Amino acid sequence: MAARIVKVDPFDLVVFGGTGDLAYRKLYPALFHRERSGQFTEPTRIIGVSRRHLDRDAFRASVKDALVRFAAADEASSADLERFLARLDYVAADAAGDSGWSDLRETLGGDDRIRAFYLATGPDLFCPIAKRLGAEGLATERSRIIVEKPIGRDGATADAINTDIGSVFPERAIFRIDHYLGKESVQNLMALRFANALLEPIWNSAHIDHVQITVAETLGVEGRGAYYDESGAIRDMVQNHMMQLLCLTAMEPPNSMDADSLRDEKLKVLKALQPIDGSNAASLTVRGQYRAGFADGGPVPGYLHDVGRHESMTETFVAMRISVANWRWAGVPFYLRTGKRLPQRFSEIVVGFKRVPHVIFDMPSDSIPANRLVIRVQPDEGVKLWMMVKEPGPGGMRLQHLPLDMSFAKAFGMASADAYERLLMDAIRGNAALFMRRDEVEAAWRFIDPVREAWAAMREPPRPYAAGTWGPNASVALIERDGRTWNEDEHDGE
């Protein structure tokens, strides 16, 4: 099945941090794939900006190397590759200083085409760059600014960043990117709920027992030690990615796919979260830190070795039991779990339904598992609905628990596009539906900040767990004391 390509208007995309890891690994490959799909119109340019002094040819060569490594581009010249490289330009500029800004202004020129400024930098540079774009007159009526997470370290710093960026760009032109929202399976969650009459009538506490959201990584901090030791799993994953997955799972049906309609409903979920603070954090949260163990086919060191420290209070694993205080979800716990150096890499949402109320078959009543819907976010994006079916053959009713399995790659005959491909093109079009609004960011921090403060007040170090295991034993107790278990069986042997 061929994808339908809708071309975008000509644009200039300016990538601050243009020689950084994010740009080389994600942004340029995503843009190259859009080039190869024929989505760009002329004249479109991509301009890298960083402090490094490179000429245009050297920059293009570095991007070509990245495309060969990360985007399966042919090393030999091809029409698509040469056309993409010809779009590239480069400006050496100091984001926090004065040098290079006149060169950027001259490179952009005075036309009124769409301009998108992508801040692939640390959050400490968001405000200086935004203010300088305003001062230099580069933030035109058709400009957008795209900022990466994390937006701040807490609610106060996030508010300062949002205020400074908002003094230059109107809210409609600010695109706070969370790449999880660009994944096909996450968007398909909305299609499953709101384009099918089957699921929405039972998407409530009368039929759903609990929800699990897991983001598991096999890698350690992998060269991000300095950033990660200041951030931890709750800032790096929970405050943004996992809160967004929770919102899409729990939100009420919006009246349309309009950006503000969607974000209004997500905001209501964030406001309905029951607080976790010093009074209940010990019983509703677990945090851990990996030690040396066995992962990725061999022995690996512990977190302290990876960050070069003798001690650290930073968590690499978080599990939480969250309640949404509204009529739809009253009494339905949401279990969130994320960690580094776990046995498998996957992200998924599991909707666990209640058991059948009465068993008519000749078997113990607890031998029939509850149905569950598994939305696999990555890898192998798809949907599984686990159901009880009769095993073929004579000799009575022998039941098996099997999935109705839909792999997106198999169903559509092609691999899903990278999330950045979708999100970058949405930003160029000005479609903010899959980006976070300021009040969403603030509401997420209002929930997370008291959790962090409670952990600090407890003064307890993160619980240790061996690399290659599913985290501290306390995370198992967190869900099993409610009579439930983490969804791990179908990942065995993957």
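The values are calculated or read from the model by the stated rules, or taken from the named source; none is laboratory data. Keep in mind it's a predicted model, so treat the numbers as computed, not measured. Ideal geometry is used to build each Cβ from the backbone, glycine not excepted, and the neighbour counts take in all protein chains shown. Just so you know, the surface numbers come from the protein's heavy atoms only, side chains and all, with ligands and any DNA or RNA stripped out. Shrake-Rupley method; radii C 1.70, N 1.55, O 1.52, S 1.80 Å.
Quick check on the range 414-427: of everything there that is assigned to a loop (DSSP other than H, G, I, E, B) and open to solvent by 60 Å² or more (accessible area, probe 1.4 Å), which residue is modelled with the highest pLDDT? It would help to see each step written out before you state the result.
First pass over the range 414-427, keeping only residues assigned to a loop (DSSP other than H, G, I, E, B): 414-418.
After this cut, where a residue has to be open to solvent by 60 Å² or more (accessible area, probe 1.4 Å) as well, the list is 414-415.
Working: Met414: 56, Ala415: 59.
Selected residue: Ala415.
So Val389 fits all but one of (1) surrounded by fewer than 16 Cβ atoms within 10 Å (Cβ to Cβ); (2) modelled with pLDDT of 95 or more; what number is the exception?
Tallying (1) surrounded by fewer than 16 Cβ atoms within 10 Å (Cβ to Cβ); (2) modelled with pLDDT of 95 or more, Val389 fails exactly one: (2).
Could you count how many residues in the range 48-101 are more than 17 Å from Lys26 (Cβ to Cβ) and within 27 Å of the chain's Cα centre (by Cα)?
1
Please work out which residue is surrounded by the fewest Cβ atoms within 10 Å (Cβ to Cβ), limiting yourself to the range 1-52 and to residues that are more than 30 Å from Glu222 (Cβ to Cβ) and acidic (Asp, Glu).
Looking at the filtered set, the residue picked out is Glu42.
If a residue must be buried (at least 19 other Cβ atoms within 10 Å of the Cβ), small (Gly, Ala, Ser) and within 20 Å of Met251 (Cβ to Cβ), how many such residues does the range 162-203 contain?
Final tally of qualifying residues: 2.
For Arg446, are the conditions met, namely being modelled with pLDDT of 95 or more and basic (Lys, Arg)?
Working: modelled with pLDDT of 95 or more: yes; basic (Lys, Arg): yes.
Criteria met by Arg446.
Please count how many residues of the range 193-203 are assigned to a helix (DSSP H, G or I) and over 24 Å from the mean Cα position of the chain (by Cα). Quick ask: steps written out before the conclusion?
Going through the range 193-203, the residues assigned to a helix (DSSP H, G or I) turn out to be 193-194, 200-202.
Retained after the next criterion (residues that are over 24 Å from the mean Cα position of the chain (by Cα)): 200-202.
Total meeting the criteria: 3.
Please specify each residue of the range 121-154 satisfying the condition of being surrounded by fewer than 17 Cβ atoms within 10 Å (Cβ to Cβ), modelled with pLDDT of 90 or more and small (Gly, Ala, Ser).
The answer is Gly134, Ala135, Gly137.
Which of the numbered conditions does Asp112 fail, given that it passes all the others? Conditions: (1) open to solvent by 30 Å² or more (accessible area, probe 1.4 Å); (2) over 22 Å from Arg429 (Cα atoms).
Condition (2) is where Asp112 drops out.
Does Glu217 count as under 20 Å from the mean Cα position of the chain (by Cα) and at positive phi?
Values: under 20 Å from the mean Cα position of the chain (by Cα): yes; at positive phi: no.
Considered against the rule, which asks whether it is under 20 Å from the mean Cα position of the chain (by Cα) and at positive phi, Glu217 comes out as no.
Would you check if Leu245 is farther than 26 Å from Arg153 by Cα, surrounded by 15 or more Cβ atoms within 10 Å (Cβ to Cβ) and of a type in the set (A, V, I, L, M, F, W, C)?
Numbers: farther than 26 Å from Arg153 by Cα: no; surrounded by 15 or more Cβ atoms within 10 Å (Cβ to Cβ): yes; of a type in the set (A, V, I, L, M, F, W, C): yes.
So Leu245 fails the test.
Report the residue count in the range 339-363 for those that are over 19 Å from the mean Cα position of the chain (by Cα), at pLDDT 90 or above and open to solvent by 30 Å² or more (accessible area, probe 1.4 Å).
Residues meeting the conditions: 2.
Is it the case that the range 364-385 has a residue that's part of a helix (DSSP H, G or I), at pLDDT below 75 and open to solvent by less than 30 Å² (accessible area, probe 1.4 Å)?
no
Report, by residue number, each residue of the range 62-80 that is open to solvent by less than 70 Å² (accessible area, probe 1.4 Å), out of contact with any helix residue (DSSP H, G or I) (no Cβ under 7 Å at 6 or more places or on another chain) and farther than 19 Å from Leu22 by Cβ.
Ala76, Ser78, listed by residue number.
Quick one: in the range 207-242, which of the residues that are modelled with pLDDT of 95 or more and open to solvent by 10 Å² or more (accessible area, probe 1.4 Å) is farthest from Glu480 (Cα to Cα)?
Checking each candidate, the answer is His207.
Would you say Ile161 is modelled with pLDDT under 90, in contact with a Pro (Cβ under 7 Å, 6 or more places away or on another chain) and β-branched (Val, Ile, Thr)? Talk me through it step by step, then tell me what you get.
Details: modelled with pLDDT under 90: no; in contact with a Pro (Cβ under 7 Å, 6 or more places away or on another chain): yes; β-branched (Val, Ile, Thr): yes.
No: the conditions fail for Ile161.
Within the bounds of the range 281-292, is there any residue that is surrounded by fewer than 19 Cβ atoms within 10 Å (Cβ to Cβ), at pLDDT 95 or above and out of contact with any helix residue (DSSP H, G or I) (no Cβ under 8 Å at 6 or more places or on another chain)?
Yes, that holds for at least one residue.
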